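Participant: Supplied in structure tokens, the structure appears directly below.
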Amino acid sequence: MGKKARVPILGGGLIVVAFSIIPIQKVHHGLIFDPEHYHPDRIAALTKLRAASSSNVSDYFSEITALITPGLNSVNSDVFDLTDALGWLLGEGDRPIVINSSKKQARPNDLVISRLRSYLEEVCIVPSRSENYAPLFSTEFIVLRPTKDNDSTSWLLAFLLSKQVQTILRWSQTGSNHPRFSSRTLLDLPIPDAVLGIQGEVGALVKAAVKLFEHAKVLYPEAEEELLERLGWDKLQEQKPELIFVGNIAELNRMGRVDAEHFHPKNRRLREQLIKAGTMRLADFCPLPNRGVQPSFVPDGDVFVLASKAIRPQGVAPVEDARTDIAFWSDAANEKARVRNGDVLLNSTGVGTLGRASFYMGDTPAIADNHVAIIRPDEVVCLPPYLSLFLNSPAGIAQSEMFQTGSSGQLEIYPQHIQEILIYLPRNRDGSIDLAWQKKLADKVVGASLAKQQAQEKLAQAKKMVEEAILKSLW
């Protein structure tokens, strides 16, 4: 039996204490004694699902456990880590020359789900991106495959994201440093008969979402490729970067810094090429960027909090549970962090995230956290989606890294340095800025963003359908 009780604490106030009394016969078959595993919320959710179900996940799906050992990535496989499954859709991943740790191999139509506590909603369907596509995944993913070749995993994604299942997974963690749930927990999940009754409709929504997202992934690279081609990026890369180079003290004093990366000749060549091709500093057409503020989170608030992981090249992707309220947004002290339609947002801290940019479309109130810089371009000079595209390009990221400061794990780029980034703004023969070309590329970027947004809406709709079906089956 599981219960919750309010217990008074010293000095006044109450805390909620959850406890369960479990007969020894009902201890988990794996002899799990972690108290979280017997949390009242987990027991209640599991009991309700079992009452409405006549089958389990294992009746329809099996776990794929075969591992690829470390070594050369001889077939140029895509490799995905946990953060590549953000937003329930599979991101870009990486194609390393060497695979440094064991990986799980998947194929199109497989479902992958993170088993780690901090990434419980990292779940997605493996798409088909090329002939014989066989991507590799971190061993922290569980890979599921239909037991019948003609079946689909699409509907299962929505079921695993449902509130009831997420409650069970949340309280099924074992371990101290990296709590995780077992694949047995996943395979033993009861599937309500009502969910099976709508699996075709739910699966169609998920498949449509994946298709939209994959279309978005085509549009965006096309825009970046055209940008880099006109810039002459390939020719710039023909020169091998120097391993040893020499600077002078006068230059160090002028810049007020001594980090070798900033003065690397490859950065000088890049900026010389940009100036030759036609550029302006961000400072020439943007006011000084503002950093966001440390947010005060309010569950179910009306204002999105945009942190680093919401800043995506194909457009801002707000995290549903990262919200605050209008009172916090309206506070005069937080005015500098308010995000407007047309703002460009730049991750200004962090290894691997610094320099990543996005643009905000829409009227939903939003506020940036203190790891995000807000750039407000003059649209007569530079269109926001184009600016975001350039900042995310190799030419933009290289400059962000050039101006970054700090040591490993504490890297950041300050607003005054963001202003020094050169933006490629080619001109027409009459000397005017080629806004028509910017718009051509911006339209592809926006198109990719809208397709991704529509994909997220379809996934949310599928999740809602499943949750409503579960609730009806419990009445």
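Participant: How many of the residues making up segment 209-243 are outside any helix (DSSP H, G or I) and either touching a residue at least 24 places away in the same chain (Cβ under 8 Å) or under 25 Å from L391 (Cβ atoms) (or both)?
Facilitator: Keep residues of segment 209-243 that are outside any helix (DSSP H, G or I), which gives 232, 238-243.
Okay, now just the ones that are also either touching a residue at least 24 places away in the same chain (Cβ under 8 Å) or under 25 Å from L391 (Cβ atoms) (or both), so 232, 238-239, 241-242.
Final tally of qualifying residues: 5.
Participant: Okay, next question. Run R115 past the list (1) under 28 Å from Q454 (Cβ atoms); (2) of a type in the set (D, E, K, R); (3) at pLDDT 90 or above; (4) open to solvent by 20 Å² or more (accessible area, probe 1.4 Å) and report the number of the one that doesn't hold.
Facilitator: (1)
Participant: Related question: Specify the residue that is surrounded by the fewest Cβ atoms within 10 Å (Cβ to Cβ); the eligible residues are those in segment 123-150 that are in contact with a Lys or Arg (Cβ under 7 Å, 6 or more places away or on another chain) and of a type in the set (V, I, T).
Facilitator: The residue in question is T139.
Participant: So which residues in segment 415-436 are touching a residue at least 24 places away in the same chain (Cβ under 8 Å) and open to solvent by less than 50 Å² (accessible area, probe 1.4 Å)?
Facilitator: If the condition is that a residue be touching a residue at least 24 places away in the same chain (Cβ under 8 Å) and open to solvent by less than 50 Å² (accessible area, probe 1.4 Å), then P415, I418, Q419, I421, L422, I423, Y424, L425, P426, I433 are the ones that fit.
Participant: Turning to a different aspect of this structure: Has segment 277-284 got any residue that is assigned to a loop (DSSP other than H, G, I, E, B) and either under 30 Å from N334 (Cα atoms) or in contact (Cβ under 8 Å) with a residue 12 or more places away in the chain (or both)? Lay out the reasoning, then the answer.
Facilitator: From segment 277-284, those assigned to a loop (DSSP other than H, G, I, E, B) are 278; that's our starting set.
If we keep only those that are either under 30 Å from N334 (Cα atoms) or in contact (Cβ under 8 Å) with a residue 12 or more places away in the chain (or both) too, we end up with 278.
Yes, segment 277-284 contains a residue that is assigned to a loop (DSSP other than H, G, I, E, B) and either under 30 Å from N334 (Cα atoms) or in contact (Cβ under 8 Å) with a residue 12 or more places away in the chain (or both).
Participant: For segment 179-208, what are the residues that are within 17 Å of R117 (Cα to Cα), in a strand (DSSP E or B) and open to solvent by less than 50 Å² (accessible area, probe 1.4 Å)?
Facilitator: None; the set is empty.
Participant: For L391, work out the one condition from (1) surrounded by 24 or more Cβ atoms within 10 Å (Cβ to Cβ); (2) touching a residue at least 60 places away in the same chain (Cβ under 8 Å); (3) under 20 Å from the mean Cα position of the chain (by Cα) it doesn't fulfil.
Facilitator: (2)
Participant: Related question: Looking only at segment 68-98, which residues are open to solvent by 30 Å² or more (accessible area, probe 1.4 Å), over 10 Å from the mean Cα position of the chain (by Cα) and under 19 Å from C124 (Cβ atoms)?
Facilitator: D81, E92, D94, R95
Participant: Have a look at K472, K444, K463 and point out the one that is of a type in the set (K, R) and in contact with an Asp or Glu (Cβ under 8 Å, 6 or more places away or on another chain).
Facilitator: So the residue among K472, K444, K463 that is of a type in the set (K, R) and in contact with an Asp or Glu (Cβ under 8 Å, 6 or more places away or on another chain) is K444.
Participant: Do you know which of the residues in segment 330-351 that are touching a residue at least 12 places away in the same chain (Cβ under 8 Å) and aliphatic (A, V, I, L, M) is nearest to P377 (Cα to Cα)?
Facilitator: Initially, segment 330-351 is screened for residues touching a residue at least 12 places away in the same chain (Cβ under 8 Å), giving 333-334, 336-351.
Filter again for aliphatic (A, V, I, L, M), leaving 333, 337, 339, 344-346, 351.
Numbers: A333: 23, A337: 16, V339: 13, V344: 8, L345: 11, L346: 13, V351: 26 Å.
Only one residue fits best here, namely V344.
Participant: Across segment 24-56, what is the total count of residues that are in a loop (DSSP other than H, G, I, E, B) and modelled with pLDDT of 60 or more? Break it down into steps so the answer makes sense when it comes.
Facilitator: First, pick out the residues of segment 24-56 that are in a loop (DSSP other than H, G, I, E, B): 27-34, 39, 52.
After this cut, where a residue has to be modelled with pLDDT of 60 or more as well, the list is 34, 39, 52.
Of the residues in that region, 3 qualify.
Participant: What's the total number of residues in segment 274-307 that are modelled with pLDDT under 90 and within 19 Å of E401 (Cβ to Cβ)?
Facilitator: Total meeting the criteria: 0.
Participant: Looking at segment 157-178, is at least one residue crowded, with 16+ Cβ neighbours inside 10 Å, of a type in the set (K, R) and touching a residue at least 24 places away in the same chain (Cβ under 8 Å)? Please lay out each step first, then the result.
Facilitator: Restricting attention to segment 157-178, the residues satisfying the condition of being crowded, with 16+ Cβ neighbours inside 10 Å are 157-162, 164-165, 167-174.
Of the ones still in play, those that are also of a type in the set (K, R) are 170.
Pick out the ones that are also touching a residue at least 24 places away in the same chain (Cβ under 8 Å) and you get 170.
Checking segment 157-178: at least one residue is crowded, with 16+ Cβ neighbours inside 10 Å, of a type in the set (K, R) and touching a residue at least 24 places away in the same chain (Cβ under 8 Å).
The values are calculated or read from the model by the stated rules, or taken from the named source; none is laboratory data. Quick caveat: nothing in here was measured; it's all calculated off a predicted structure. Positions of Cβ are backbone-derived with ideal geometry, glycine not excepted, and every protein chain shown enters the neighbour counts. The area values use the complete protein model at the heavy-atom level, side chains included, leaving out ligands, DNA and RNA. Shrake-Rupley method; radii C 1.70, N 1.55, O 1.52, S 1.80 Å.
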